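Working notes, beginning with the structure itself.
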């Protein structure tokens with residue numbers, strides 16, 4: 001493009017000395033055609049081109065020719081575009097066997113390639129659905145736009161140590177949730193029969209049958225507890241014991 005000097009004279013302008021106006025500014029020159037809808041930095045195509053100022057071309061509603069007017073920093077060049085940031089919706093997740101979680105890459109609509117480090121522990125589909133297969137650890141990776149994102153998966157398989165217990169009044173027993181690193185919440189149906197501590201310790205208070213529960217990861221595990229009366233050794237006077 002060339003620069004065209006345009007003189008702008010205000011009303012009541014008075015020349016001084018050499019007669020140069022006080023308000024002179026430079027205007028960019030562009031090339032246009034009579035019927036075209038674009039303005040050009042030069043005569044880049046067929047037809048008859050005429051010089052025009054950029055402001056006049058814009059006033060006519062003309063748009064820049066993409067061929068000879070590549071985007072500049074003022075019109076949204078690539079250098080001014082925001083850097084694309086890819087993000088996984090989860091960096092880690094703990095699942096129980098057969099549970100699943102959906103992973104997504106934020107900041108892109110492009111195709112994502114999903115892989116797992118251990119198919120025996122967790123699998124991942126083409127859409128990012130992770131299914132827990134067995135207790136253990138696995139890393140799910142997502143590749144997109146030259147970037148690799150990772151999500152650590154921990155699979156647990158909790159179960160209760162006993163499903164049935166028989167106790168005597170005054171006895172103590174211990175229940176636990178195995179195959180899980182998280183602390184369960186313990187409670188029972190009848191606290192008159194047994195008392196349950198936060199660590200799974202059970203105290204038999206009186207005879208009866210009740211159920212003790214443990215909840216973890218949204219699952220409930222149970223143990224049927226039967227409390228029997230204390231037995232006492234009573235000598236029968238009609239029975240003779242020979243030594």
Legend entry - Boolean, residue 114 is surrounded by 15 or more Cβ atoms within 10 Å (Cβ to Cβ), modelled with pLDDT of 95 or more and closer than 15 Å to residue 221 by Cβ: no
Legend entry - Only listed residue being outside any loop (DSSP other than H, G, I, E, B) and either outside the structural domain of residue 95 (by TED's automatic domain parsing) or surrounded by fewer than 18 Cβ atoms within 10 Å (Cβ to Cβ) (or both), chosen from 206, 195: 195
Inset, instruction - Among the candidates 49, 39, single out the residue that is within 20 Å of residue 68 (Cβ to Cβ), surrounded by 11 or more Cβ atoms within 10 Å (Cβ to Cβ), touching a helix residue (DSSP H, G or I) at 6+ places or on another chain (Cβ under 7 Å) and at pLDDT 80 or above. - result: 39
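Results for (1) more than 19 Å from residue 217 (Cβ to Cβ); (2) touching a strand residue (DSSP E or B) at 6+ places or on another chain (Cβ under 6 Å), shown as yes or no for each residue.
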residue: 101; (1), (2): no, yes
residue: 106; (1), (2): yes, yes
residue: 121; (1), (2): no, yes
residue: 131; (1), (2): no, yes
residue: 134; (1), (2): no, no
residue: 142; (1), (2): yes, yes
Inset, instruction - Only residues that are over 30 Å from residue 179 (Cα atoms), part of a loop (DSSP other than H, G, I, E, B) and touching a residue at least 24 places away in the same chain (Cβ under 8 Å): list them for region 103-136, please. - result: 108, 110, 111, 112
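The values are calculated or read from the model by the stated rules, or taken from the named source; none is laboratory data. Not measured: the values here are computed from a predicted model. Using ideal geometry, Cβ is built from the backbone for each residue, glycine included, and neighbour counts are taken over all protein chains shown.
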